[in-house]
Amino acid sequence: MDRILFSRRLILPFIFLLLVTRYSAVHAQVTAPITLKKANISLADVFKSIKKQTGLTVFYSNNLLNDKEVVSVDFNKAGLKEVFGVLLKGKDLNYAVRDQLIVIEKSNEPAPVVAPPKKEPAKAVVPKKVQGVVTDDKGLTLPGVSVKVKGTTNGTQSDIDGRYSLSLKEGSSTIIVFSFVGSKSQEFDLANYPVSAAGVYKIDVQMGADKNALEEVAVVAYGTQKKTSLVSSITTVNPKQLKGPSSNLTTMLAGVVPGMISYQRSGEPGADNAQFFIRGVGTFGAGKVDPLILIDGIESGTTDLARLQPDDISGFSVLKDATASSLYGARGANGVILVTTKRGDVGAVKFNIRGENSTSSNIKNIDLADNITYMTLANEAVLTRDPLGVLPYSQNKIDHTAKGDDPLLYPSNNWIKQLIKTKTNNQRFNMNASGGTEKAKYYLAMTYNIDNGNLAENSLNNFSNNIKLQSYSILSNITLNLTKTTEAVVSLKGLFDGYHGPINGGGYTFLNALWSNPVAFPAIYPGSLLPYANHPLFGNAIIPGGGLYMNPYAQSLSGYQTSNTSTLTAQINLNQKLDFITQGLSSRVMAYTTRYSYFTISRQYSPYYYKSNVLNGQFSGLSLLNSGETGSIGTPPTEYLTYNPGGSVSNSTTYIEAAINYNRTFGQKHAVSGLLIGTMRNYLTANAPTLQLSLPSRNQGVSGRFTYGYDNRYLVEFNFGYNGSERFASNHRFGFFPSVGAGWVISNEKFFEPLLSTIDNLKLRFTYGLVGNDQIGSANDRFFYLSDVRLDNGSNGQFGTNYSYSRPGVITYRYENKNITWEQSRQTNIGMDLTVAKNFTLTVDAYQQNRDNILMVRSTIPTSMGLQADISANAGKSSSKGIDIAMDYKKSFNNSFWVQSRGTLTYAKSKLLKNEEPVYPDNLKYLSKVGNSLSQIYGLLAERLFIDDKDVANSPVQSFGDYKAGDIKYRDMNGDGKITSSDVVPIGYPQVPEIIYGFGFSFGYKNFDISAFFQGSARSSFVINSADISPFYLVNGLQNNGLNTGNQSGLLSSIANDHWSEDNRNPYAFWPRLSTKIQANNSQTISSPTSTWWLRNGSFVRLKSAELGYNFNKKQLRSLHLNSARIYLNGLNLLTLSSFKLWDPEMGTSGLGYPIQKVFNVGLRVEF
């Protein structure tokens, strides 16, 4: 606006010359009536509305009139005289209509404002101070507003009551500047205001919301852009919507961000990051499918985002289509999350402190059957498969256990209660300080979070076996105005995690609790039985065939592991205005370096395991089972902790980008902007397993953006990325990925004016673009165009008769392939932005993506070729489509009551278009994966359980192990009389939800407010891994999930209450005929597929968060010497509605792991 006014001042004499020659007098012209009803609107916006309705431009000098002044108007078909009579009331100004201009000029008549009465003789009044009250757009007093003399460091802030008083210095500027975060900065020239006899200026100021502030500006690729000029699909999220009683920001994303599919599978501290995808999963294979995360332009990981505090975030944007993300080239192929942190403001230092204490508990624990039922059904499991089998539990043991007799001889453990606490306490603290001068501003923040696990502890150890995750983070943003046109921003970010927990993690403890025999031995014997022993007396027993059972209590208490993670980033930004070359030109350079390190160690002792001695049916002492002597069983025990170093990771990243920007508006209608940026990145790791991976990883690229807007009505945008990747041969090394977009702001058209009283904004958007992706395949296949041949194929080379001498053989891990190239995504987006009655906004985006050149292993190459490594090619194709919807409603009914609501819907559906698979005949078309979702589940169609042996004999032969009456019966899809892998079909919905939605509300009355947000997931399925819950199975050997010899599965209540038996031949019982083994016919194993019998609907609705808060009133704040204070109670994951009852449905197949947490929290935030 200042540039426009400057231009107006230059041409003012020429315009007046033309006007004088054309007219001999000023005549009122007939103009269209003006209708405008608006509270707290600036004069500049009023003048824009007048121009839109009358076609007349309001012409004025900034020295005469402050166009940032906020007024409230109510005109209904009013003429110019009425309108300007209101606008210029109290000012020594008048207006005149000349040609197509409304010229505001000094009045020749005395101003209507009554000046202080003159006294004779008159004396010059020396101004001493300016004072007044600052309010917000609701009329409420506003503390913390910066008030200063322009161009100086002389300033103050409004107090709790919104009052300010600023002393003036002789000879200083007469312009006073008022500024506040989220509000328009306003300037007032004291020359236009009367001064009292005491030398005091009285100016009351109302701070209106800044339309150019964050809520109207979106963070886009390499900069910011006004929402009104956006054509691409970008979602901006208010950081307040991400707040919740959680130390992990990623757990708050689901349902809040339209276009994002998000879900959480674990609640374990340190392992509770949510998984999230922009517009679902649009590709397949081993490559990267999650979005690029940039925090202040720094490429970051999921944990970096998880540890970020909403208190420190100023902007959060999600770039979803090609036009929005193409500037990031290959890095942005799967969408981009952009986060900007806060910076300091001019003014005295302000401190914000937040402290929270929360209690968390498992949303749902696995419900196990009682131990009498366990033993009874364990016997049934043997007899129902083998009537002559040996029973594992005698009736005598069952009877004595039921009576509660000697627990040393008849133990009865509830491992869940003994290993898991019902609740735990966590704490979170955040402190930030900001302030500064025109020359230097700062924002400093520190965070300390403590997240404890809910594992039971025992005083037997001098160490804790529970989980404790301590997270520390620091943030420093220093803004330096080196010159009037040069700005430097120096940032330092540090993230430090310290983890302490049980060996193999908390999830392993939960798994052991479910996979341990509850009646074979007591968890621990009383120390009084061996008073001189310096170690815990853990119980155990010898399993059939030799070896010891898993004692989960001993395992949990026998040691701990610690890990430390450190991430430190130093960053510098230099911004230079180049208006001396041409107006609107600027340049910038940004560089950063990140150092990451991680290490872990474990300390553990080998437990002493004892068994009960029995004499004449009575307990007669203990015997050590694993003494280490000849004939003992198990690992010899120790009374000291061993030390085992774990893995360590160290790497560094260096990045630099340089950009030149241009942004200018010509003739008030032609808005032109351009951006050209070059980037270079270098990554080096100290832990590479191979020579090729140890080499520095480098990427570079050039990107650009051009936008043009005509009269805020017609918008076009062109973007491109030209990127190089080291992974491809020289003939494919660089890729060019362009995108185009267009927008039409219908509400700014003249024909739309009759609807403006109802519809404030209506904009249509369209984008199309090409995005490349080089993060495909395995990360170990770094250079596709180079072969990987090694001399480490074992001792295969023997010579002569000296059989003890050999040389390692040659093995090929990868063949040279110069044809592998970029995966490409062609993306189309159509969007609409709508605002109704100022209070309701609706954003809708529909999109389609088509991906090709997806890297796949050529499975059709015959093994007869004798190749040692798989051959890959860009053979796959897929598509995805969907819709994103966001709705917001805000309204203040009066100064005491307000309400807000928000709803989002994300629908994302994918389809496999081309796959490496055989050409199936028509009767086997169902075997093709083409046309199905990329996360489709495949399995057999289960009809029911076999009723009896006759039913088995009259059904197709099933080729997945032994089966009989009570086992699962499958459908013969191809009619060949056999159930084989050829009968596998797509079943259920995809594993990744196709629909994520959220809705919530907030309302407040006076100092109180309450809010709630619901999150839902739909159109997803998961499969119960029946092998994981198969009861009575005794493990033999190390399993993929960490289970080992001695683990024996428990009995879920759902199985005990609903299983097929000879007495209950229910063909639709939850569990088939019992067994002490994992029946391949009934479970998914290496040799057998899953089936619809275990398929479950993953849909649920959850009360994600709720909060009740109280903001301290002025009187309370004054007594506490605070600017603001808030106390609140809130909760997380408070209520879940789902048809699935075994465990939390959001965990999906991972239900036996560490449960997601329900949290109740109390917090206090103060500012001073």
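Just to be sure before I move on: is PHE316 out of contact with any His (no Cβ under 9 Å at 6 or more places or on another chain), of a type outside the set (A, V, I, L, M), closer than 22 Å to SER233 by Cα and free of Cβ contacts under 8 Å to residues at least 40 places away in the same chain in the structure I sent? For PHE316, the condition - out of contact with any His (no Cβ under 9 Å at 6 or more places or on another chain), of a type outside the set (A, V, I, L, M), closer than 22 Å to SER233 by Cα and free of Cβ contacts under 8 Å to residues at least 40 places away in the same chain - is not met. Can you spot a residue in segment 855-873 that is surrounded by 16 or more Cβ atoms within 10 Å (Cβ to Cβ), of a type outside the set (D, E, K, R), under 24 Å from ASN761 (Cβ atoms) and in contact (Cβ under 8 Å) with a residue 40 or more places away in the chain? Among the residues of segment 855-873, not one is surrounded by 16 or more Cβ atoms within 10 Å (Cβ to Cβ), of a type outside the set (D, E, K, R), under 24 Å from ASN761 (Cβ atoms) and in contact (Cβ under 8 Å) with a residue 40 or more places away in the chain, which makes the answer no.
Limited to segment 136-155, what total is found for residues that are in a strand (DSSP E or B) and either crowded, with 18+ Cβ neighbours inside 10 Å or without any contact (Cβ under 8 Å) to a residue 24 or more places away in the chain (or both)? Even if it seems obvious, please write down each step before you answer.
Narrowing segment 136-155 to residues in a strand (DSSP E or B): 136, 141, 146-149, 155.
With either crowded, with 18+ Cβ neighbours inside 10 Å or without any contact (Cβ under 8 Å) to a residue 24 or more places away in the chain (or both) added as a condition, the list becomes 136, 146-149, 155.
Qualifying residue count for the region: 6.
Out of all the residues in segment 448-504, which are polar (S, T, N, Q), closer than 24 Å to SER602 by Cα, assigned to a loop (DSSP other than H, G, I, E, B) and out of contact with any Asp or Glu (no Cβ under 7 Å at 6 or more places or on another chain)?
ASN454, ASN458, SER459, ASN461, ASN462, ASN504
In the set SER360, SER300, SER314, SER262, only one residue is over 30 Å from LYS1158 (Cβ atoms), in contact with a strand residue (DSSP E or B) (Cβ under 8 Å, 6 or more places away or on another chain) and of a type outside the set (Phe, Trp, Tyr); that residue is SER314. Restricting segment 419-454 to residues that are surrounded by fewer than 19 Cβ atoms within 10 Å (Cβ to Cβ) and in contact with a Phe, Trp or Tyr (Cβ under 6 Å, 6 or more places away or on another chain) leaves a set whose member that is nearest to ASN1047 (Cα to Cα) is TYR448.
Does segment 833-840 contain any residue that is at positive phi and in contact with a strand residue (DSSP E or B) (Cβ under 9 Å, 6 or more places away or on another chain)? Within segment 833-840, one or more residues are at positive phi and in contact with a strand residue (DSSP E or B) (Cβ under 9 Å, 6 or more places away or on another chain).
Screening GLY1004 with (1) outside any loop (DSSP other than H, G, I, E, B); (2) under 30 Å from TYR920 (Cβ atoms); (3) small (Gly, Ala, Ser) gives one miss only, at (2). Among residues of segment 1140-1168 that are aliphatic (A, V, I, L, M), those with a beta-carbon under 7 Å from a residue that is surrounded by fewer than 19 Cβ atoms within 10 Å (Cβ to Cβ) and in a loop (DSSP other than H, G, I, E, B) at least six positions away or on a different chain give the pairs VAL1166/LEU1122.
Taking the condition of being closer than 30 Å to PRO636 by Cβ and crowded, with 17+ Cβ neighbours inside 10 Å, how many residues in segment 552-601 meet it?
Residues of segment 552-601 that are closer than 30 Å to PRO636 by Cβ, as a first pass: 552-563, 599-601.
From what's left, crowded, with 17+ Cβ neighbours inside 10 Å: 552-561, 563.
Residues flagged as closer than 30 Å to PRO636 by Cβ and crowded, with 17+ Cβ neighbours inside 10 Å within segment 552-601 amount to 11.
Total residues in segment 602-652 satisfying the condition of being surrounded by 15 or more Cβ atoms within 10 Å (Cβ to Cβ) and under 30 Å from ASN687 (Cα atoms): the figure is 7. Looking across segment 554-597, the residues that are among the aromatic types (Phe, Trp, Tyr) and modelled with pLDDT under 95 come down to TYR560, PHE580. Take the conditions (1) acidic (Asp, Glu); (2) modelled with pLDDT under 90; (3) on the phi > 0 side of the Ramachandran plot; ASP296 misses just one of them, which is (2).
Which ranges mark the strands (runs of 3 or more DSSP E) fully within segment 707-814 that have 3 or more residues being buried (at least 17 other Cβ atoms within 10 Å of the Cβ) and in contact (Cβ under 8 Å) with a residue 60 or more places away in the chain? Show your work before the answer.
Details: elements: 714-724, 734-745, 759-773, 788-790, 795-798, 806-808, 811-814.
Because the criterion is at least 3 residues that are buried (at least 17 other Cβ atoms within 10 Å of the Cβ) and in contact (Cβ under 8 Å) with a residue 60 or more places away in the chain, the strands (runs of 3 or more DSSP E) in segment 707-814 that meet it are 714-724, 734-745, 759-773.
Residues that are assigned to a loop (DSSP other than H, G, I, E, B), free of Cβ contacts under 8 Å to residues at least 40 places away in the same chain and charged (D, E, K, R) within segment 31-90 comprise just one, LYS89. Selection within segment 354-402: residues that are under 30 Å from GLU1167 (Cβ atoms) and touching a Pro at 6+ places or on another chain (Cβ under 8 Å). The member of this set that is surrounded by the most Cβ atoms within 10 Å (Cβ to Cβ) is SER358. When residues in segment 1020-1038 are screened for being without any contact (Cβ under 8 Å) to a residue 12 or more places away in the chain and under 33 Å from the mean Cα position of the chain (by Cα), 0 of them pass.
So SER606 ticks every box in (1) assigned by TED's automatic domain parsing to the domain that holds PRO531; (2) of a type outside the set (A, V, I, L, M); (3) assigned to a strand (DSSP E or B); (4) without any contact (Cβ under 8 Å) to a residue 60 or more places away in the chain but one. Which box is left unticked? For SER606, the failing item is (3). Here is the figure for segment 555-590: residues that are touching a Leu at 6+ places or on another chain (Cβ under 7 Å) and closer than 30 Å to ARG664 by Cβ total 7.
The residues of segment 529-553 that are under 25 Å from SER464 (Cβ atoms) and part of a helix (DSSP H, G or I), listed by number, are PRO552, TYR553.
Pick from THR1090, THR1149, THR1085: which is out of contact with any strand residue (DSSP E or B) (no Cβ under 9 Å at 6 or more places or on another chain) and either among the β-branched types (Val, Ile, Thr) or surrounded by fewer than 18 Cβ atoms within 10 Å (Cβ to Cβ) (or both)?
Working: THR1090 fails: out of contact with any strand residue (DSSP E or B) (no Cβ under 9 Å at 6 or more places or on another chain); THR1149 fails: out of contact with any strand residue (DSSP E or B) (no Cβ under 9 Å at 6 or more places or on another chain).
Checking each option against the conditions leaves just THR1085.
When the residues of segment 1044-1074 are filtered to those that are buried (at least 21 other Cβ atoms within 10 Å of the Cβ) and closer than 16 Å to VAL952 by Cβ, the one that is nearest to the chain's Cα centre (by Cα) is PRO1072.
Table: residues versus (1) buried (at least 17 other Cβ atoms within 10 Å of the Cβ); (2) of a type in the set (Phe, Trp, Tyr); (3) at pLDDT below 80.
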{"position": "ALA28", "(1), (2), (3)": "no, no, yes"}
{"position": "PRO33", "(1), (2), (3)": "no, no, no"}
{"position": "ILE41", "(1), (2), (3)": "yes, no, no"}
{"position": "SER61", "(1), (2), (3)": "no, no, yes"}
{"position": "ALA78", "(1), (2), (3)": "yes, no, no"}
{"position": "VAL86", "(1), (2), (3)": "no, no, no"}
{"position": "GLY90", "(1), (2), (3)": "no, no, yes"}
{"position": "ASP99", "(1), (2), (3)": "no, no, yes"}
{"position": "ILE102", "(1), (2), (3)": "yes, no, no"}
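With the structure loaded, tell me whether SER556 is closer than 30 Å to TYR410 by Cβ and either assigned to a helix (DSSP H, G or I) or within 39 Å of the chain's Cα centre (by Cα) (or both) or whether it fails that test.
On the way: closer than 30 Å to TYR410 by Cβ: yes; either assigned to a helix (DSSP H, G or I) or within 39 Å of the chain's Cα centre (by Cα) (or both): yes.
Spelling it out, SER556 is indeed closer than 30 Å to TYR410 by Cβ and either assigned to a helix (DSSP H, G or I) or within 39 Å of the chain's Cα centre (by Cα) (or both).
Just one of (1) at negative phi; (2) surrounded by fewer than 17 Cβ atoms within 10 Å (Cβ to Cβ); (3) of a type outside the set (Phe, Trp, Tyr) fails for GLY1037. It is (1).
Name the residue, out of ILE656, ILE601, that is part of a strand (DSSP E or B) and within 27 Å of ARG331 (Cβ to Cβ). Walk me through it before giving the result.
Working: ILE601 fails: within 27 Å of ARG331 (Cβ to Cβ).
Unique residue meeting the criteria: ILE656.
Of all residues in segment 864-880, one or more are assigned to a strand (DSSP E or B), modelled with pLDDT of 85 or more and within 23 Å of the chain's Cα centre (by Cα).
When ALA953 is tested against the conditions (1) crowded, with 16+ Cβ neighbours inside 10 Å; (2) on the phi < 0 side of the Ramachandran plot, the lone failure is (1).
The values are calculated or read from the model by the stated rules, or taken from the named source; none is laboratory data. In this text, all values refer to a predicted model and were calculated from it rather than measured experimentally. Note: ideal-geometry Cβ built from the backbone for every residue, glycine included; neighbour counts use all protein chains shown.
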